[in-house]
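All remarks here apply to the structure that follows.
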Amino acid sequence: MQASALSYDRLTDEDYKRINESELAGADTLDVLKWAYKQFGDELVYSCSFGAEGMVLIDLISKVKKDARIIFLDTHFHFKETYELIDRVKAKYPELRIEIQETDLTPEQQAEQHGPELWKSKPDLCCNLRKIQPLEKALSGVKGWISGLRREQSPTRANTQYVNKDNKFKSIKVCPLIHWTWDEVWSYITLHNLPYNSLHDRNYPSIGCEYCTLPVEDGGDSRAGRWSGSGKTECGLHQ
């Protein structure tokens, strides 16, 4: 199949099945990344939250495409540790194109229009304004995007494939880490002495916005600290 044929509106369900079960059968993470960048080149972006999985993917991506585009959705509500990590990553991988994607709505404007602490009163709306809409803008004009989803993370991610039809963003979503375990992620970080968010050392397995993320007890579900007590489990990017 020619690269030009790989677009959201042209691939059928059978095409996705063939890619995952034939072309990428037995592939490892580097194989998937090489395949993806061969197909899409500069029309592929990685939307990175700079969690532990992000550090692994950034390092692997740098081995495949040194000047890859990395998108960070800056909600303006992230932990200071997250912003500090981004600076360290920029220093370690100077050729990567790390871009900050923001919403047009400042926190002050959001509070004025929707009331204070929208993340408490209407968390789905807050995520839509500060994450989903900015990613829609970032993915405009590109054919595919990379995500660090792993099947082990939650039941809603258990059936994620290497290459996925993303109906929300009308794009092709590539997930190279689907088979990795949490222990394998950290083994890679340790082995390669990669920078990581110091909040991970304080029982934060999954790190999002400061107001919506809590530490998790040892042995707890890795997503349990996100929107704790609200019944919400996803920001909406992967639904």
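Name the single residue that is surrounded by the fewest Cβ atoms within 10 Å (Cβ to Cβ) among those in segment 140-168 being farther than 17 Å from Gln39 by Cβ and of a type in the set (A, V, I, L, M).
Keep residues of segment 140-168 that are farther than 17 Å from Gln39 by Cβ, which gives 140, 148-160, 167-168.
Next, only the ones that are of a type in the set (A, V, I, L, M) stay: 149, 158.
Details: Leu149: 22, Ala158: 11.
Per the criteria, the residue is Ala158.
Yes or no: Ser171 buried (at least 17 other Cβ atoms within 10 Å of the Cβ), in contact (Cβ under 8 Å) with a residue 12 or more places away in the chain and within 27 Å of Lys17 (Cα to Cα)?
Numbers: buried (at least 17 other Cβ atoms within 10 Å of the Cβ): yes; in contact (Cβ under 8 Å) with a residue 12 or more places away in the chain: yes; within 27 Å of Lys17 (Cα to Cα): yes.
Spelling it out, Ser171 is indeed buried (at least 17 other Cβ atoms within 10 Å of the Cβ), in contact (Cβ under 8 Å) with a residue 12 or more places away in the chain and within 27 Å of Lys17 (Cα to Cα).
Given the conditions (1) at pLDDT 65 or above; (2) touching an Asp or Glu at 6+ places or on another chain (Cβ under 9 Å); (3) surrounded by fewer than 16 Cβ atoms within 10 Å (Cβ to Cβ), and given that Lys232 satisfies all but one, which numbered condition is not satisfied?
(1)
Might you let me know whether segment 26-35 holds any residue that is modelled with pLDDT under 95 and closer than 17 Å to Tyr162 by Cβ?
Yes: one or more hits.
Within segment 111-160, work out how many residues are basic (Lys, Arg) and assigned to a helix (DSSP H, G or I).
The number of residues fulfilling the criteria is 6.
So which of Glu23, Glu117 is among the charged types (D, E, K, R), at pLDDT 95 or above and over 16 Å from the mean Cα position of the chain (by Cα)?
Result: Glu23 is the single residue among Glu23, Glu117 that is among the charged types (D, E, K, R), at pLDDT 95 or above and over 16 Å from the mean Cα position of the chain (by Cα).
Residue by residue through segment 55-75, note down the ones that are touching a strand residue (DSSP E or B) at 6+ places or on another chain (Cβ under 7 Å), surrounded by 14 or more Cβ atoms within 10 Å (Cβ to Cβ) and outside any helix (DSSP H, G or I).
Ala68, Arg69, Ile70, Ile71, Phe72, Leu73, Asp74, Thr75, listed by residue number.
Looking at this structure, is Phe50 crowded, with 20+ Cβ neighbours inside 10 Å, free of Cβ contacts under 8 Å to residues at least 60 places away in the same chain and under 22 Å from Pro134 (Cβ atoms)?
Considered against the rule, which asks whether it is crowded, with 20+ Cβ neighbours inside 10 Å, free of Cβ contacts under 8 Å to residues at least 60 places away in the same chain and under 22 Å from Pro134 (Cβ atoms), Phe50 comes out as no.
Please go through segment 105-164 and pick out each residue that is of a type in the set (Ser, Thr, Tyr), over 29 Å from Val185 (Cα atoms) and in contact (Cβ under 8 Å) with a residue 24 or more places away in the chain.
Scanning segment 105-164 gives a single hit, Thr106.
The values are calculated or read from the model by the stated rules, or taken from the named source; none is laboratory data. Owing to the predicted nature of the structure, the values given are computational and were not obtained by experimental measurement. We place every Cβ from the backbone using ideal geometry, glycine too, and count neighbours over all the protein chains shown.
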